[in-house]
Structures are given as C-alpha cells and as structure tokens.
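Encoded as structure tokens, the structure appears first; notes follow it.
No lab work stands behind these numbers, since they all come straight from the coordinates. Given the structure is predicted, the values throughout are model-derived calculations rather than measurements. Every residue, glycine as well, gets a Cβ built from its backbone with ideal geometry; the counts of neighbours run over all protein chains shown.
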Amino acid sequence: MDLFSNQILRELLAVEKEDHAPAATPKSGPPNPADHWSAALLLERAAYLGKMARYGDGSASETLKEYPQHCAMLSFRSRDGEAEAHENFADIFFVIEGRATLVTGGVMTGAKRVGPGEMRGSAVEGGARQELRAGDVVHVPAGVPHQMLVGSEKPVACLVVKIQENP
C-alpha cells in the first residue's frame, strides 16, 4: 500500500509543481491596446454570477471595464428583472447562454428615479416582446423602457455594453 500511496503523492507533487511554474515570458513587441474576454472566461464568470444570484434576488452582474463613453458588463438573471430606462445610455445585449424575453418600448409602470438619468419600475406594459437565445444581439436605444423576463427553466447570461448616446 505504501508503494501505491507514494506513487499518488509523486503524481500530485508533479502537478503542483506544474501549477506553480513561472509564467511563460511574453513575446516582445508593443503592448496590446485591445481588451479581450474569451467565451470560456465569460461563461466561467457567468457561472460565478449564477452562484451569487442564488443568494440574492436572482440576478448578479459585474463591470468588466469602464471606458470614457461606454462600459462592458456581464449580467446573469435567473428571475425577471425590473423595468428600466436609461436617459443617456443605450444597452447592447449579447446573449452568451440561456433564454429570455426582452420587452422594449411601451410604458413603464411604477416608474421611480433611482439615480441621475436612471428610472426603474415594476413592468413594461404594451411593449414589443422579443425572444432571446444564446448568440442573439439586441440594441436598446437610450430612453427606451425595457425589461428582461426569464422563464423558470433556463437562466440567461449576457455581455452588456452600455454606450453613452446623449451626453
């Protein structure tokens, strides 16, 4: 048995050494000014946000990076979101996994100002409904009420780019 245990220990130590090996030296050249988030990274982060959402109201998000006139965010929802409208920012949703119904236009019920240029409400009534699936992209202009509705069978994760349209 000791021989077997020693073999397992040697294999584990070899893996540990590989995990702690110094990173490869980057190739010389100019620094890359572009930001890149792989599909694998976004899905990994979405899974983490899914765990966070379970302990909250069914949604979680994180800002990936802020820029002068836009920002990139990752959003996870397992329940319907609030209705919202952004006076100065458009939303572009890139659905990376799951399904949802996006309601746009119409009238926001129970609208309340929650910050500068930001309105929230309980629902969007009379809006257009669009079914969203992984791979879909939607642009919601600034000022348009919108709400993400999520069925109970499949949560949704989106890369959201918020773009300043009205300075």
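What's the ranking of 132-139, 121-128 by average number of surrounding C-beta atoms within 10 Å, highest first?
Numbers: 132-139: 13.8, 121-128: 16.2.
Final packing ranking: 121-128, 132-139.
3J(HN,Hα) couplings calculated from phi for the stretch 86-93 with the Karplus curve 6.51 cos²θ - 1.76 cosθ + 1.60 (θ = phi - 60°) are, in sequence order, 10, 4, 10, 10, 8, 10, 10, 9 Hz; Gly and Pro show x.
Please identify every one of the GluC sites (Glu not before Pro) in the stretch 130-167 that sits in a loop by DSSP and has no more than 16 other beta carbons within 10 Å of its own beta carbon.
Values: sites: 131, 153, 165; in loops: 153, 165.
Qualifying residues, ordered by number: 153, 165.
Please tell me the relative contact order of the stretch 61-167 in percent, rounded to the nearest whole number, where contacts are Cα pairs under 8 Å and at least six residues apart.
On the way: 304 pairs, mean separation 46.7, N = 107.
In percent, rounded to a whole number, it is 44.
Taking the number of Cβ atoms within 10 Å of each Cβ as an exposure proxy, the fewest-first ranking of 61, 38 is 38, 61.
A cut-off of 5 Å between modelled amide H atoms, ignoring neighbours fewer than 5 places along the same chain, links residue 70 with 164.
Summarised as an ellipsoid, the stretch 110-166 has semi-axes of 21, 16, 11 Å, derived from the eigenvalues of the Cα gyration tensor scaled by 5 and square-rooted, with the largest first. Principal semi-axes of the equivalent ellipsoid, √(5λ) from the alpha carbon gyration tensor of the stretch 21-165, are 30, 19, 13 Å from largest down.
Seen from residue 123, the other residues with C-beta closer than 9 Å to its C-beta sum to a net charge of -3, counting Lys and Arg as +1 and Asp and Glu as -1.
Give, to the nearest whole percent, the P(r) tail of the stretch 38-114 beyond 17 angstrom, counting all Cα pairs.
In whole percent, the share of Cα-Cα pairs in the stretch 38-114 beyond 17 Å is 55.
Expressed as a fraction of 2.2 N^0.38 Å, the C-alpha radius of gyration for the stretch 29-71 is 1.51.
Near residue 156, once Lys and Arg are set to +1 and Asp and Glu to -1 for all other residues with Cβ below 13 Å from its Cβ, the sum equals 0.
Counting only other residues whose beta carbon sits under 15 Å from that of residue 107, what net charge do I get with K and R as +1, D and E as -1?
On the way: positive: 112, 120, 129; negative: 82, 84, 125.
So the surrounding residues net to 0.
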